[in-house]
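To keep things clear, I will list the structure first and then write my remarks on it.
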């Protein structure tokens, strides 16, 4: 495995660890995701031996030598004889760097999409050239469906891939048990894990003392969990989807924040005086947000649902892998992705804080959990100028740090920007459709 540093990374490289109702998984051993027997790596007629001795380039900001995937890449190289070059680039400039490489004819093969869809479409091509068997049950059908444009799929991920960033609620088991407070998992088992129950937990934990806090809350997971969204995508166009449920959810967060019951982000939970965190699966990993906590104190369950009449929804970062436009070795790249994204190739005993958390991860990411949805705010912001003065405050889900009386008016004031963002996303999809028609001759 050879590493290449982008010029923008030299002298400034930082390691960025990616953060991020299934069937009963209690009898599963750690390292055995709930997935049917995997199928073929590639379509019929492709022999991986034909690619032995060739090289692929994986463009990422996360150094495998410092993470769980290092040994997996080395094992892949040994098994298939395909060399893997790692091009390390700056995460914030990821799309722009790849675009520059394409213009120079020096592009890599594999693109890692981490909330950057649909901006990533500008530097990607469909997966057709990888010649992968997309009927293989190991692939996550939600990502395949959501990234298919005019019959051509751009992104894939595997069921229970360890890099899957579904959203969850983690909680401090010790605080709940020692103080006789009903836990989020207990509410969930009763079918009563709602916003009302979440608020009750926050207030009971905060009542333990002035140093105690109800919860850390990431806004995007919270909004996704109540089955609301600022934007939706139907495969053809992006639309603004602000409705009364979303207003209610944002005002709910604003009220809890004003009452001193919650904190934006993930910074407080690790202090062992915060009851819960509305966050993502990175919280359950040993290398994740809460790496210094006693693992025996961390429990996890699903996100709270809107009310007792609602379904539980599992939201998550829109994450997948695909081919860079003009990839020089696309079939070998596909062979690599099938191996690299297979959770069974990882040492999962060393990945999670505990066996219980590992098994919950496999449950919530498993194929039986069909209530999955992904948010698009970040990818649309990238298209419109992520750090421009006009769009720098458009991380809408995180803006609950204002009074309940202000937040509705603020969201309404942002609707014109949201419409611009949705249109930019639709334009990116239409551009991809035009490229598909030019390349493949017809729109399917």
- Task: Rank by packing, highest mean first: peptides 383-392, 131-140, with packing defined as the count of other Cβ atoms within 10 Å averaged across residues.
- Result: 131-140, 383-392
- Message: So if each residue of separation counts as 0.36 nm, and I subtract the Cα-Cα distance between residue 203 and residue 401, what length gain in nm does that give?
- Response: 69.4 nm
- Query: Peptides 51-61, 73-83, 216-226: what's the order by average Cβ count within 10 Å, highest mean first?
  - Reply: 216-226, 51-61, 73-83
- Message: Could you check the spin-label model distance between residue 134 and residue 1? Points 7 Å from the Cα along Cα→Cβ, value in nm.
- Response: 2.8
- What FRET efficiency, computed as 1/(1 + (r/R0)^6) with R0 = 41 Å and r the Cβ-Cβ distance, is obtained for residue 433 and residue 177, rounded to the nearest 0.05? 0.15
- Message: What distance in nm lies between label points placed 7 Å from Cα along the C-beta direction at residue 347 and residue 328?
- Response: 3.3
- Note on the structure: What helix-only [θ] at 222 nm does the chain give? Using -39500 (n - 2.57) per DSSP H run of at least 4, over all residues, to the nearest 500, the answer is -9500 deg cm²/dmol
- Query: What ranking, highest mean first, results for peptides 188-194, 162-168, 260-266 when packing means the other Cβ atoms within 10 Å averaged over each residue?
  - Reply: 162-168, 260-266, 188-194
- Query: Using r as the Cβ-Cβ distance of residue 294 and residue 190, and R0 as 22 Å, what FRET efficiency do you calculate, to the nearest 0.05?
  - Reply: 0.25
- Item | Fraction of antiparallel bridges per DSSP, the chain only, in percent to nearest 5 | 55
- Message: Quick check: the distance between the Cα centres of region 371-423 and region 235-258, to the nearest angstrom?
- Response: 10
- Normalising by the residue count of region 127-212, find the relative contact order in percent from Cα pairs under 8 Å and 6+ residues apart. 17
- Pick the calculated Rg/Rh (Cα atoms, Kirkwood Rh) for this structure from (i) 0.96; (ii) 1.00; (iii) 1.03? (i)
- Distance in Å, no decimals, from the C-alpha centre of region 172-202 to the one of region 153-169 is 27
- Message: Contact order normalised by length for region 233-368, with contacts defined as Cα pairs under 8 Å and 6 or more residues apart; what percent is it?
- Response: 22
- Length gain on complete extension for the stretch residue 412 to residue 50, per 0.36 nm per residue less the alpha carbon to alpha carbon distance? 124.6 nm
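Where a number appears in this text, it was derived from the coordinates with a stated rule and is not lab data. Everything numeric in this text was worked out from a predicted model, so none of it was measured. Cβ: placed from backbone, ideal geometry, glycine included. Neighbour counts: every protein chain shown.
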